[in-house]
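This report concerns only the one structure given below.
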Amino acid sequence: MTASVKLFQVVIIIEHLIEFSRLAQEKQSAIINAAISVFAAAGYKKAYVSEIAKGAGISKALVFYYFGSKKALYLYLIGYVRDLIMAELNTNKINANDDFFDRIKEIARVEMAMMKQHPGITHFINSMYFERDPEIIQDLQQLNAAGVPAREDLALNGVNFAKFKANVDPKLVVNILVKFTEGVISSNKSALTFEASMDEFEACLDLLKNNLYKEEYLG
């Protein structure tokens, strides 16, 4: 695919999304919630646009009119969910805490509270981790890689690195915690049981803190 063709496709997608943004907020929410529900329940391949349209109370043609394709809608939802989570974290001023492990605990608590409030989003995020459809897998990998800098910034910006022992790489600690979270998700394929796993996660953080912080910062 040539660069000019890709650019044309991007322009088309943007034009569709502009039309979607002009809808009343209530109608936008209805479409988003219906799409999240269908994708979460069926996965990408078996999610039918007709079911999304039915859930949103609109025609199938209108779904394509606003998003252009099922794939474009799916990618839009990923961005929507990510922005929603980041907005909630920013509202809670996560960066105000300069202790790394305390901040990670705050992030986990805020995300858990938000997902309890929006269970559909929880199931959608869960389904993304197990999505392997060839039409979408490369995009998911690219989006995950693109999100690494923002994730690191949220966890590390403004942190007091002097608390860590010498030769400890905080970025590596972030990666360890990401892998831990993915492991929790993998062990709860039916639904994310964040509340049940929170004690275990905080125990993991306390264990790392006790081993990676200098003695004077413990207690």
note = Measuring from the longest principal axis of the C-alpha atoms of the chain, the long axis of helix 137-146 (C-alpha) lies at a number of degrees, nearest 10, equal to 40 degrees
task = Take the solvent-accessible surface of the protein heavy atoms, probe 1.4 Å, and return the percent of it on segment 1-154 that carbon and sulfur atoms account for.
result = 57 percent
ask   = Calculated FRET efficiency, residue 59 and residue 216, Cβ-Cβ r, R0 45 Å, to nearest 0.05?
value = 0.10
note = Using alpha-carbon coordinates alone, the radius of gyration and Dmax of the chain in Å work out to 19.8, 64
query = Where a Cα-Cα gap under 18 Å defines reach, which aspartates and glutamates qualify for residue 70, not counting those fewer than 8 residues away within the same chain?
reply = 15, 19, 51, 131, 133, 135, 139
inquiry  = Give me the percent relative contact order of segment 64-167, please, defined on Cα pairs under 8 angstrom at least 6 residues apart.
reply    = 36 percent
ask   = Normalised by the number of residues in the chain, what is the relative contact order in percent for Cα pairs under 8 Å and 6+ residues apart?
value = 21 percent
query = Which angle between 0 and 90 degrees, to the nearest 10, do you get for helix 25-46 versus the longest principal axis of the chain when only C-alpha atoms count?
reply = 80 degrees
query = For the chain, the longest stretch holding no trypsin sites (Lys or Arg not before Pro) located in a DSSP loop with at most 14 other Cβ atoms within 10 Å is which?
reply = 23-92
task = Please get the size of the charge dipole for the chain, origin at its Cα centre, with Cβ charges of +1 on Lys and Arg and -1 on Asp and Glu, quoted in debye to the nearest 20.
result = 680 debye
query = Can you list the lysines whose alpha carbon is less than 19 Å from that of residue 179, not counting same-chain residues fewer than 8 positions off?
reply = 105, 171, 189, 209
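The values are calculated or read from the model by the stated rules, or taken from the named source; none is laboratory data. The structure displayed is predicted, hence computed values, not measured ones. Neighbour counts are summed over all protein chains in view; Cβ atoms, including those assigned to glycine, are modelled from backbone coordinates with ideal geometry. Only protein heavy atoms, including side chains, enter the accessible area calculation; ligands, DNA and RNA are left aside. Shrake-Rupley method; radii C 1.70, N 1.55, O 1.52, S 1.80 Å.
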